[in-house]
Amino acid sequence: MTGFRRVEPRLPVADVRASIDFYCTHLGFSSDLATSEPAPDFAIVCRDNVCLQLVEQGAHHPAGPLTIWIDIADALAEFTNLGEAVEIEWGPEVYDYGRREFAVLDPDCHRIILSEAIDD
């Protein structure tokens with residue numbers, strides 16, 4: 001059996017440019033690839049070891065909210081950095097499975113859960 005090498009969730013979005021702006025401005029991603037500027041239909045945004053593919057929704061990429069869970073180093077610092085720039089859907093909360101998490105919604109209602117392992 002061959003080994004898996006990595007995963008990049010593909011998020012169908014209504015407006016790729018608006019999604020690039022959201023992920024880069026608010027969550028600190030950078031845009032590695034965008035096609036058909038100034039109205040791209042595909043882009044990849046990355047931060048550290050996490051990449052997301054943003055693709056214009058359509059027949060092959062139907063609309064619908066997804067949930068992406070991202071392991072981060074410091075949820076409280078990320079929460080503080082976001083301030084009031086984005087609406088926090090819930091959290092931050094500490095859960096009995098040893099994680100501190102909170103969630104935000106992107107412009108297409110994809111839920112982004114930011115989670116850190118804790119020992120308190």
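Nothing in this text is a laboratory measurement; each read-out follows from the coordinates by a stated rule. Predicted, not measured: the structure shown is a model, and the values here were computed from it. Reconstructed Cβ throughout: ideal geometry from the backbone, glycine too, with neighbour counts over all protein chains shown.
The table that follows gives values for the structure above.
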item	result
Burial order of peptide ranges 102-112, 62-72 (average beta-carbon count within 10 Å, highest first)	102-112, 62-72
Options PRO62, LEU52, ALA18, ranked by Cα towards positive dipole end of region 10-117, top entry (Cβ charges)	PRO62
Reported label for calculated Cα extents along the principal axes in Å given [x] 47, 46, 24; [y] 44, 30, 22; [z] 55, 33, 30	[x]
Helix-only [θ]222 nm of the chain, DSSP H runs n ≥ 4, -39500 (n - 2.57) each, per residue, nearest 500	-5000 deg cm²/dmol
Region 38-89 - Rg (one decimal) and Dmax (whole number), Cα, Å	14.2, 39
DSSP-defined antiparallel bridges as percent of all bridges, region 10-117, nearest 5	70
Unpaired by the 4.7 Å Cβ criterion, cysteines found in the chain	CYS24, CYS109
